[in-house]
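S.K.: Next up is a structure, given as C-alpha cells.
The values are calculated or read from the model by the stated rules, or taken from the named source; none is laboratory data. Remember, predicted model here, so these are calculated numbers, not experimental data. Positions of Cβ are generated from backbone atoms using ideal geometry, with glycine treated the same way; all protein chains shown enter the neighbour counts. The area values use the complete protein model at the heavy-atom level, side chains included, leaving out ligands, DNA and RNA. Shrake-Rupley method; radii C 1.70, N 1.55, O 1.52, S 1.80 Å.
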Amino acid sequence: MPHARLRHAFAALALALALALAAAPLAGAADAGLRLHVPSPDWRDQVIYFVVTDRFADGDATNNDQGAGEFRAGDRTRYNGGDLAGLVQRLPYIRGLGATALWITPPVANQWLDPSGEHAGYHGYWAENFMRVDRHLGRLADYRRLSHALHAAGMFLVQDIVVNHTGNYFTYRDRWTPGDPARGWEAHAATPPVARPSQPPFDRNDPRDPAQRRLGVYHWTPDIADYNDRRQELDFQMSGLDDLNTESAAVRRALRRSYGYWIREVGVDAFRIDTAFYVPPDFFADFMAAKDAQAPGMAEVARRTGRRDFLAFGEGFGIDRPGEDAQGRKIERYMTGEGGRPLLPGMLDFPLYGALGDVFARGRPPAELARRIETRLALHARPQLMPSFVDNHDVDRFLAGGSQAGLRQALLTLMTLPGIPVIYYGTEQGLTAPRAAMFEAGWGSGGRDHYDRAAPLYRDIAEMTALRRAHRVFSRGTPTLLQANAAQPGALAWRMTHGREKAFVVFNTADSESLLANLDTGLPAGSVLEGLYGLAGRPGELVAGSGGRLSLRLPPRSGQVWRATGQRRAPVEPLASLTLDAAAATAQGAAREGDFSVAGRAAGVSQLQLVVDGDLSTARRIVPAADGHWQAVVDTSRMVDPDTRHRLVAWAEGQATSEAFDFHVVRAWHELADVPDPPGDDSGATGRYVYPTDPGWGAHRQMDLRRVRISGSGGALRLELTMNELTRSWNPAHGFDHVAFTVFIELPGAPGGATVMPLQDARLPEGMRWHLRLRAHGWSNALFSSAGASATQEGTPLTPAAAIAVDQAKGTVSFMLPAAALGAGPSLAGAKIYVTTWDYDAGYRALAPQAQPYAIGGGSAQGAKVMDDSPVITLR
C-alpha cells in the first residue's frame, strides 16, 4: 500500500505540473517542452471518457460568441461555450474517475449554423475545414496543451473524425436527376462562417462547373430516403450533409493528409470514426495502411511518431434484436475484410449496447445479454478492441428510462468484460438529457456545475475502474457464460479466464431476491473464492460445494465479483437431499396449458421452497410429509409467452438444491377491447398540425392511428396498434420509425395517479388518471410509474418494460406488458387505456408554427404534442 500511495502522489504531481505548463502561454510553433508523442498503450486495458466538448467545460469565455447568432448559452440548439481550455482545467476530475483516455467530439472548423438557422454545429460533425480547430473551441495551441496535459498524466487522446461528409452546403430538394448532378443543384451560400468548405479539394462542390464535376469530390445526391438501401447508405446524403466520394483517390488522399496532420501536430493517439457504415469497408484499408509517401495511412503516420498500435474504431449504428446477428456481422465486415485482411482495429459495440439497455434498463431476461456476449465472441476477431458503452450523444441516456440501480449494473458489466469501456460524460453525475451541459451556464445544467467527486455514481465508477485496472483478467480474459435467467429478470453469471486467473461475475437484475441455483463454477469442490467487489459492498468468501457447485441467495439489483484464489478446503458435505420428480409433472422442457403438479422427496429437510424462475419473492414454502414425500401445484397464471423457457427447483437454504426442471406454458389470450380510429385524423387536437417537410414522412403518415386492439391473459396486457403505414427507413432497432407511441394506463381501484402528460404539454382527457406510462419509438422503450411525474419529469422508471413485436405487412405494432409490470391481479376489467402518437428524437419532436425538415408544423412550441390519439378505452 505505501508503494501505491507513492505512485499516486507522483502521478498527482506530474498532472499538476502538466496543467501548469498547459496553462502557460505558448511561445510559438515549436512548443518546446510539450509532450505530444508517446508510445501506444495496450488499448485493451484502457477506460475512455467521452465528452461533447461544447457541453463539458467553458475554460475561455472569449471564444464563445463568434457573432453569427450561433452562440446562446442555455439553448439546446446552439453553441454553449465548452472548449479545449475547459477540458484541460477539468482533467483532474476526469482522471479521478479512473479514465485513462479522453475522447472528444470533432474539434475541426465547422459550419456554425445549418441552412435553416435553427441548429448549430456545436457538436463538430459538420466540417468546413478538416485541418483547422474551430474558433469556438480555441486554437491549435490549446489543442496541443490538452494533448500534453493528457500525456503527462499518463492518459491518451482520442479524436472523433468524419470521413463520410462535410457540412450542409448544397441541396437538391426534390429536383435531383440521376446522371445529371448539375440539374436542381442549389447552394446554401448564407451559412456561417463560409459559403462552402474552405479546404481544397472539398471546396470544389459545384457540379455545374465542368472542372469540379470531373474532379468528383462529392457524390452529388439527395438525402437518404431508405437506410436499408445499400446504395443510398453509401452514396446519398445523410440529413442533408454533403456526401463525399470516398471511392475517389483524390478524396482518399485529402482525408489521409487531413487526419495524419492531427497525429503529427497534436499527438492524437486514436481516432473514433463517425458514420463508418456510410463509406465502403475497403476505404479503411486505404485510410489505415496506404503506402503513399506524401499522404501515408494512419498506421504509418502514427508509427513515425512512436505509436505502434494506433487505435481507430468506427461507428456502425446497428442493433440486433435477440437471437439475430445481422448487424453484428456487418460491424465485423468493417474490422476484417476478405481473406481476413484487417481493416479497422475496432468498432463501437452497438449490439452489446442494445442488450445492456434491454436487460438492465427495460427488464428483459438476462439470457438475452448472455447470448449477446456469446455472439460477440463468435463473430468478432478482436472483441477486446471494441469500445463498449451504455449510452452516448446519439441516443437516450440510460437514466432517461432506466434506474440508477440498473445503470450501476450495466457499468459493472462493461468493466468486467473484454472491450474498451466508454463512460459518456455526465453519467457519473446522473444526467438524464443526452447533451446536457456540465457547467452552470449551459443547457440542461439546472443552473449549477456538475463536477462533484463525491457523487455516488462518480465514486462507484472510480471503484469499478480500479477493479478492472487491478485485475487484467477482466480486460484481457475470455468470458464463459455459466447461468442466465431465460424467463424474467434474475440471475446472470459468467466466469472470466486469463491464463491461470479466474474471476466470477454474478448479477441479479430483478428488484427482488433471486436464487442462483447449482452454479457450476468449473472448479474443484472446496475451491475458495475471494470477494473482490460488490455494488452493495465487498462480498464474503465462498467455498465451492460438491461438484464445484454453488447455490446463492442474491440481493435485489446486486452485482458481485469473486476471484478463484487457487486454495482448497474440505467441502461441506450436504446432510440433506432434494429430488424433483419430473415424471410426475411432465416431460422435461415440454409445454403446459395451465397449472400442473410436481412432486419429490426430501431427506433431512424439514422445510423447502419451490422456486420458479429464480424468484424468491414468490417461492412457495412446503413442509414434506413424514416419509419425505412432497407435492405442490405450479401456478402458471402469469406465464404468457409460449417461447419462454421456465425453470423450477426445490431448495432448502444451506442444505440442498434439486436439479432443475424446465417447462413452457401456452395460455389463451382474451379480447378486452377493439376500437377503430378514423383515418386521416392525424392533425392534432386543433386539426392544423402537419408532418415535417422531410420526405421520410410525406404521404406515409406514420402517426395516423387506425385501430387499437387490447387483449389479456393472466394479468398480462397486449396492445396491438394498427397504423396507416409503418416505415423502417432509418433502420430502427424496434422495426418502425417516424412515429413514437405514448400509452397511459389507469389501473382499476389503484389510488393516486397523475393527469399530466409528461413532456407532451397536455393533460389526459375525460378525467383519466394514469398509474403507468409506456413510451416507445424505434430506438427507445421505457415504462414509468406516475410517482414523481410532472410536466417536465417522466415519472419513476419501472421494469420490465414492454415486449415489442412488429408486423410490417399488417401495419401493426404490438406491446406486451407482463403481469409483473402491471402489478395487477388476474383481471384487468375496468382498467383504462389512452394511446397517443407523435415522434421522438432525444425528446418529443419539436412543434413549430411552420413545418421544418425535422419539426412538426401548425402549432406553437408549447402546443400539445399529440398528432393522433385513441379515445379513453375502458377494458371489459
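S.K.: How much of the accessible area of the chain, in percent, comes from carbon and sulfur atoms when a 1.4 Å probe is used?
M.R.: 50 percent
S.K.: Here's something else I'd like to know. Positive end of the dipole of the chain, charges at C-beta (+1 Lys, Arg; -1 Asp, Glu), about the Cα centre: which of 558, 750, 41 has its Cα farthest in that direction?
M.R.: 41
S.K.: Next up: Run the numbers on region 53-193 and let me know its relative contact order in percent, using alpha-carbon pairs under 8 Å that are six or more apart.
M.R.: Contact order relative to length: 25 percent.
S.K.: Still on this structure: Hey, what did region 684-800 get for relative contact order, percent, Cα under 8 Å, at least 6 apart?
M.R.: Relative contact order of region 684-800: 18 percent.
S.K.: Let me ask something else about it. Could you tell me which residue out of 107, 819, 534 lies farthest along the dipole of the chain toward its positive end? Charges go on the beta carbon: Lys and Arg +1, Asp and Glu -1, centred on the Cα centre.
M.R.: 534
S.K.: Per DSSP helix of 4 or more residues, -39500 (n - 2.57); summed, then divided by the residues of the chain. What does that give at 222 nm, rounded to the nearest 500?
M.R.: Counting only the DSSP helices, I get -5000 deg cm²/dmol.
S.K.: While we're looking at this one, here's another question. Between residue 378 and residue 65, how high is the FRET efficiency from 1/(1 + (r/R0)^6) when r is the Cβ-Cβ distance and R₀ = 51 Å? Nearest 0.05.
M.R.: Once the sixth-power term is evaluated, E becomes 0.45.
S.K.: If you don't mind, there's one more thing I want to ask. How do 122, 854 rank by accessible surface area computed with a 1.4 Å probe, from largest to smallest?
M.R.: 854, 122
S.K.: I would also like to ask the following. Using alpha carbon centroids, what distance separates region 627-669 and region 279-346, in Å?
M.R.: After rounding, the separation between the Cα centres reads 48 Å.
S.K.: Could you list the residues of region 334-365 with an amide nitrogen less than 18 Å from a label point located 7 Å from the Cα of residue 289 in the Cα-to-C-beta direction?
M.R.: Those under the cut-off are 334-347.
S.K.: Amide H neighbours of residue 730 under 5 Å, counting only residues 5+ apart in sequence or on other chains, H built in-plane at 1.01 Å?
M.R.: Counting only residues 5 or more places away or on other chains, the set is 227.
S.K.: For residue 570 and residue 211 in one chain, what is 0.36 nm times their gap in residues minus the Cα-Cα distance, to one decimal in nm?
M.R.: Full extension from residue 570 to residue 211 adds 120.9 nm.
S.K.: Sticking with this structure for a sec: Considering amide H positions built from the backbone, and no H for Pro or chain starts, which residues 5 or more places from residue 50, or on another chain, come under 5 Å of its amide H?
M.R.: Residues meeting the criterion, in which the H sits 1.01 Å from N, are 103, 423, 424, 425.
S.K.: Once the Cα gyration tensor of the chain is diagonalised, what are the square roots of 5 times its eigenvalues, in whole Å and ordered largest first, as equivalent ellipsoid semi-axes?
M.R.: 47, 36, 24
S.K.: Let me check against my output: what whole-number percent is the relative contact order of the chain, with C-alpha pairs under 8 Å and at least 6 apart?
M.R.: Reported as a whole number, the value is 8 percent.
S.K.: Follow-up. Which percent, nearest 5, of DSSP beta bridges in region 30-174 are antiparallel?
M.R.: Antiparallel: roughly 30 percent of the beta bridges in region 30-174.
S.K.: Now for a different question. Can you work out ³J(HN,Hα) from phi for every residue in region 428-443, in order, using Karplus 6.51 cos²θ - 1.76 cosθ + 1.60 and θ = phi - 60°, giving whole Hz and x for Gly and Pro?
M.R.: 5, 10, x, 5, 10, 8, x, 10, 5, 7, 8, 10, 3, 7, x, 5
S.K.: A further question follows. Accessible area per residue for the chain in Å², computed with a 1.4 Å probe and the full protein assembly in place, what is it?
M.R.: 38 Å²
S.K.: Calculate one ³J(HN,Hα) per residue across region 508-521 by plugging θ = phi - 60° into the Karplus curve 6.51 cos²θ - 1.76 cosθ + 1.60, and present them in order as whole Hz with x for glycine and proline.
M.R.: Values per residue, Gly and Pro as x: 10, 7, 7, 8, 9, 4, 10, 9, 9, 9, 6, 5, 8, 6 Hz.
S.K.: For region 737-876, what D do you get in µm² per second when you plug the Kirkwood radius from alpha-carbon pairs into Stokes-Einstein at 4 °C and 1.567 mPa s?
M.R.: Answer, rounded: 82 µm²/s.
S.K.: Next up: At 7 Å along the Cα-to-beta-carbon direction for both residue 530 and residue 462, put a label point, then send me their distance in nm to one decimal.
M.R.: For residue 530 paired with residue 462, the spin-label model returns 2.4 nm.
S.K.: Put a dot 7 Å past each Cα toward the Cβ at residue 77 and residue 304; how far apart are the dots in nm?
M.R.: In this crude label model, residue 304 to residue 77 measures out at 4.5 nm.
S.K.: Once you treat every alpha carbon in region 626-741 as an equal point and sum by Debye, what is log10 I(q)/I(0) at q = 0.12, 0.15, 0.23 Å⁻¹?
M.R.: Log-scaled intensity ratios, in q order: -0.69, -0.86, -1.27.
S.K.: Still on this structure, please answer the following. May I ask you to list, by number, the DSSP H helices of the chain whose Cα span along the axis is at least 20 Å and whose average Kyte-Doolittle hydropathy reaches -1.0 or more?
M.R.: 2-23, 249-266, 456-470
S.K.: Keeping all protein chains in place and using 1.4 angstrom, which order do 807, 142 fall into by accessible surface area, from largest down?
M.R.: 807, 142
S.K.: If all Cα-Cα distances of region 212-260 are sorted into 5 Å bins from 0 onward, what percent lands in each bin, rounded to whole numbers?
M.R.: Taking all Cα pairs of region 212-260, the binned fractions are 5, 24, 24, 22, 16, 9, 1 percent.
S.K.: With all protein chains present and a 1.4 Å probe, how do 300, 324, 368, 338 order by accessible area, largest first?
M.R.: Accessible-area ranking of 300, 324, 368, 338, largest first: 338, 324, 300, 368.
S.K.: What distance in nm lies between label points placed 7 Å from Cα along the C-beta direction at residue 549 and residue 669?
M.R.: Using points 7 Å along Cα→Cβ, the separation is 3.8 nm.
S.K.: Sketch the reach of a paramagnetic label on residue 596 as a point 7 Å from Cα along Cα-to-Cβ, and name the residues of region 643-674 whose backbone nitrogen lies under 19 Å away.
M.R.: So the set is 643-651, 658-669.
S.K.: So what J values fall out for region 694-710 if you push phi through Karplus, 6.51 cos²θ - 1.76 cosθ + 1.60 with θ = phi - 60°, rounded to Hz, Gly and Pro as x?
M.R.: Along region 694-710, the couplings run 4, x, x, 8, x, 6, 5, 6, 5, 8, 7, 6, 10, 6, 10, 10, 10 Hz.
S.K.: Taking the alpha-carbon centroid of each part, what is the distance from region 149-226 to region 462-511 in angstrom?
M.R.: Going from one Cα centre to the other spans 45 Å.
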